[in-house]
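Each remark here refers to the structure printed beneath this line.
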């Protein structure tokens, strides 16, 4: 047994090292090579027929376990598990609509890869544009707390301290209960008003910050599915917002611009040329988003249907 122990340890080490060695053999590919591979797979999947089981088996066998794409000094791993699963399900139960969804997803990945390969737009004039926007009349009233705001805060703090001393001490027995209760109610109303205003401002700012931090990396049809789910739940405000992002990601898939999470809705409008037939529906969809999501206007089924109409005008299918 002692004589076999080194051999057993060596065999176990070799077995444990096999997956690592197999993974190391899969060298990263460029974005162009990944895009060409997707184009080949799209052509193969589009030609599949229900009567040719051997063809779908060939396509599944040709798929990699994962694409390792090298771009910008980093390596990205894109799994092909979903494609194997969809093709295997289609092989068991051929369905034209399921195959069309698979092809649409592949084309969306191909469009994302093509958009990533494009050089980034020149943003050297961003600061000048921002300064011009902030110099407009509607931003002139933006300021920090004034001396009157600070005085009001100090007065409120003094009133709360006075009420605390009055209610918690018997130094002033001549103060009637009516005056004490009136001061308490007044203070409660003032504090409630201030808290309500602060919460509304905070909620509005959080909603804007949340939307600006969104990275619309999902395909447009997933945004559309989520918009429909929100509409089915009666959340019309969220349904309008998700419909807007469906339009943005659809235009990205068509090559209108390269994905950039730092853009605002107005900046997306600036990326479309004035002669584009999609500029007017995108303007209408952007105004609808601003009024409902940022402006706090009420949302409804009619406004959600209006957002879907704008998506159809953009050319978005199934909207």
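Values in this text are rule-based calculations from the coordinates and carry no lab data. Since we're looking at a predicted model, the values are computed, not measured. Every residue, glycine among them, receives a Cβ derived from its backbone with ideal geometry; neighbour counts consider all protein chains shown.
Any chance you could run the full-extension gain for residue 264 through residue 300? It's 0.36 nm times the residue separation minus the Cα-Cα distance, nm to one decimal.
Values: separation 36, 0.36 × 36 = 12.96 nm, distance 2.41 nm.
Full-extension gain reported as 10.6 nm.
Taking the Cβ-Cβ separation of residue 126 and residue 283 as r and a Förster radius of 30 Å, what is the calculated FRET efficiency to the nearest 0.05?
Numbers: r = 21 Å, r/R0 = 0.70.
For R0 = 30 Å, the calculated efficiency reads 0.90.
Over the C-alpha atoms of the stretch 220-314, the Rg to Rh ratio, Rh being the Kirkwood estimate, stands at 0.95.
For the stretch 220-314, the relative contact order comes to 34 percent (Cα pairs under 8 Å, sequence separation of at least 6). Geometric descriptor of the stretch 24-117, per residue, is 85 Å³ (volume of the convex hull of the Cα atoms).
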